[in-house]
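Only one structure is covered here, and it is reproduced in the block below.
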Amino acid sequence: MSTQTDPQRMEKIVSLCKRRGFIFQSSEIYGGLNGVWDYGPLGAELKRNLKDYWWRVMVRERDDVVGLDGAILTHRAVLKASGHEDTFSDPMVDCRNCKARLRADQIGDKQQCPICGSKDLTEPRPFNLMFSTQVGASADPDSIAYLRPETAQSIFVQFKNVLDTSRKKLPFGIAQIGKAFRNEINPRNFTFRSREFEQMELEYFCRPEQGMELLEYWKEERLRFYENIGIPRAKLNVLTVPDEERAFYSKGTYDIEYEFPFGVQELEGVAYRTDYDLTQHQKASGKPLEYFDDETKQRFVPHVIEPSAGVDRTVLALICEAYAEDSAPDEKGKMETRIVLRFHPRIAPVKAAVFPLLKNKPELVTKAREVQQLLRPHMNVFYDEGGAIGRRYRRQDEIGTPFGITVDFETLGERGDELRDTVTVRERDSMKQDRVKISELLARLLPMIT
Ligand code: GAP
């Protein structure tokens, strides 16, 4: 695992994200809102594919996990009981010279402002990361609510309702994907540390004696997940969080880290949180959050393993991993630099692009539109008739489309009946082309993109 950073590569990735419509600065035309991002047409597709795949493998393909879609606005009492209201903070210092607000743990030992170099800094003080708001018209303290800082808490608070309605037996999990908000002191590294982001969290409830084994199980499952979306094991690091850095209630925590161009950084935490959260909510609400064991006739508060991943960080890792520069022939056969996103077809925002060889030949256009219609119900398909075919391939390479399908004169039967109703399928990474019958296209593509 390389610990070297590559700011130039990161700059190219950020610029591609904007140029091709993956990620834009939020409220850009008004100067931008720091730490907040909007996903453009391709970013929205990529993010959706990631979330859909997570939901598929973590919920739909399992008998022991059900889903939840909890509210973002959260009762103050929930976040009081969870400990967030009192302790969810980062240490902040102010530079008295340039007025910058800094995270004390990020300025290193020098105690010097990284912006102006001044040593005139305030003492560190805790800064709570939660965004609060008022619910309803009155402005009294009882109307305070928070934008959730993690999706996990609604899972704990709804534990009993889900248990009673789904009638699951331990071990079982409740999964959720959704927005979370943290007023980060210093958002940075593009979308890596944002103020508004999405999480994919599973709370997997179990008996206390199963906890340590399930912690290992979920770590391995999660590593497999990343490999299945195109992030190789060699680019992932599993950090065993040392005792002194772990939350006091946790019996074991792993951070799954990825080798970003700006350093090896956390993608996901897999934490054994014992019975801490349910116990806290049981105490504070006065409502039992226990599990009744039919066999032993005992009631107890289950323990929980929590794999908690960031959608935005994973999207960023996918883009960083996919970004490549190689060479390909231009229209005249001369080699030129090609920018290509080598996304795994499963998560690629556009799965296939359909091209009529020439746009001024109506039969080619009609046939290409037919091919697009054939594929459309099953995948995101792009149609492009503008410019030389090589240019069109290159545009798709740059957004990571794994398959380019060209309708040409052979397709129309103008070069003999044998090739009638066949198209060329060009594979993005090898640039190899293959002739495929239109009637066999779906069967050929579907297994590679699902
Ligand atoms: N429920 C546990 C929890 O929220 P966390 O380590 O604070 O744990 C889990 O967050 C994941 O959420 C992180 O591994 C990261 O992927 C993502 N995440 C956290 N803060 C983030 C931020 N400011 N911007 C983007 N993603 C963030």
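The values are calculated or read from the model by the stated rules, or taken from the named source; none is laboratory data. These figures come from a predicted structure and were not determined experimentally. Methodologically, a virtual Cβ is constructed for each residue, glycine included, from the backbone with ideal geometry; neighbour enumeration extends over all protein chains shown. With ligands, DNA and RNA removed, areas are computed over all heavy atoms of the protein, side chains included. Shrake-Rupley method; radii C 1.70, N 1.55, O 1.52, S 1.80 Å.
Here are some notes:
- Scope region 295-313; condition more than 9 Å from the ligand (Cβ to nearest atom) and under 15 Å from Y272 (Cα atoms); matching residues: V301, P302, H303, V304, I305, P307
- Of residues in region 166-196 being open to solvent by 30 Å² or more (accessible area, probe 1.4 Å) and near the ligand (Cβ under 9 Å from one of its atoms), the one farthest from the chain's Cα centre (by Cα): R182
- For S82, the criteria (1) outside the structural domain of L215 (by TED's automatic domain parsing); (2) open to solvent by less than 60 Å² (accessible area, probe 1.4 Å); (3) away from the ligand (no atom under 16 Å from the Cβ) hold in every case but one, which is (3).
- Checked against (1) open to solvent by 60 Å² or more (accessible area, probe 1.4 Å); (2) in contact (Cβ under 8 Å) with a residue 24 or more places away in the chain, P141 meets all criteria but (2).
- Exclusive hit being open to solvent by 50 Å² or more (accessible area, probe 1.4 Å), in contact (Cβ under 8 Å) with a residue 12 or more places away in the chain and among the aliphatic types (A, V, I, L, M), set A71, A100: A71
- Of all residues in region 264-288, those satisfying the criterion of being of a type outside the set (S, T, Y) and in contact with an Asp or Glu (Cβ under 9 Å, 6 or more places away or on another chain) are V264, Q265, E266, L267, E268, G269, V270, A271, R273, D277, L278, Q282.
- Here region 1-34 is the region considered, the condition is being of a type in the set (G, A, S) and closer than 19 Å to C320 by Cβ, and the residue that is modelled with the lowest pLDDT is S2.
- Of the residues making up region 393-419, those that are under 16 Å from E45 (Cα atoms) and in a loop (DSSP other than H, G, I, E, B) are G400, T401, P402.
- Of the strands (runs of 3 or more DSSP E) contained entirely in region 137-254, those carrying at least 3 residues that are farther than 18 Å from P307 by Cβ and touching a helix residue (DSSP H, G or I) at 6+ places or on another chain (Cβ under 9 Å) fall at 144-147.
- Screening the candidates S308, S285 for the property of being of a type in the set (S, T, Y) and open to solvent by 50 Å² or more (accessible area, probe 1.4 Å) yields one hit, S285.
- Among residues of region 326-384, those that are charged (D, E, K, R), open to solvent by 10 Å² or more (accessible area, probe 1.4 Å) and outside any loop (DSSP other than H, G, I, E, B), counted: 6
- Residue check for F159: under 24 Å from the mean Cα position of the chain (by Cα) and open to solvent by less than 10 Å² (accessible area, probe 1.4 Å): no
- Candidates R233, R246, R224: the one that is free of Cβ contacts under 8 Å to residues at least 60 places away in the same chain, under 24 Å from A81 (Cβ atoms) and either loosely packed, with under 15 Cβ neighbours inside 10 Å or within 16 Å of the ligand (Cβ to nearest atom) (or both) is R246.
- A44 under 24 Å from the mean Cα position of the chain (by Cα) and small (G, A, S): yes
- Residue satisfying all of: in region 420-433; in a strand (DSSP E or B) and under 15 Å from A353 (Cα atoms); most open to solvent (accessible area, probe 1.4 Å) among these: Q433
- Taking residues in region 153-173 that are touching a residue at least 24 places away in the same chain (Cβ under 8 Å), and partners anywhere that are in a helix (DSSP H, G or I) and among the β-branched types (V, I, T), the pairs with Cβ atoms closer than 7 Å and at least 6 places apart or on different chains are Q153/V78; V157/V78.
- Matching residues, region 59-91, being assigned to a helix (DSSP H, G or I) and either of a type in the set (A, V, I, L, M, F, W, C) or modelled with pLDDT under 95 (or both): V59, A77, V78, L79, A81, T87
- Matching option when the condition is out of contact with any Asp or Glu (no Cβ under 9 Å at 6 or more places or on another chain) and within 30 Å of D6 (Cα to Cα), among N161, N183: N183
- Qualifying residue in region 414-423 (condition: under 21 Å from A328 (Cα atoms), at pLDDT 95 or above and not small (G, A, S)): no
- Subset of region 25-59 (residues that are farther than 20 Å from N228 by Cα, among the hydrophobic types (A, V, I, L, M, F, W, C), away from the ligand (no atom under 16 Å from the Cβ) and open to solvent by less than 30 Å² (accessible area, probe 1.4 Å)): L42
- Pair list, Cβ < 7 Å and 6+ apart or interchain, from region 189-214 residues that are farther than 30 Å from R299 by Cα to residues that are more than 9 Å from the ligand (Cβ to nearest atom) and assigned to a loop (DSSP other than H, G, I, E, B): N189/F262; S194/V36; R195/V36; R195/N183; E196/V36
- Every pair of residues 6+ apart whose Cβ atoms lie under 7 Å, when the first sits in region 45-65 and is in contact (Cβ under 8 Å) with a residue 60 or more places away in the chain while the second is among the hydroxyl-bearing types (S, T, Y): K47/Y39; L50/T314
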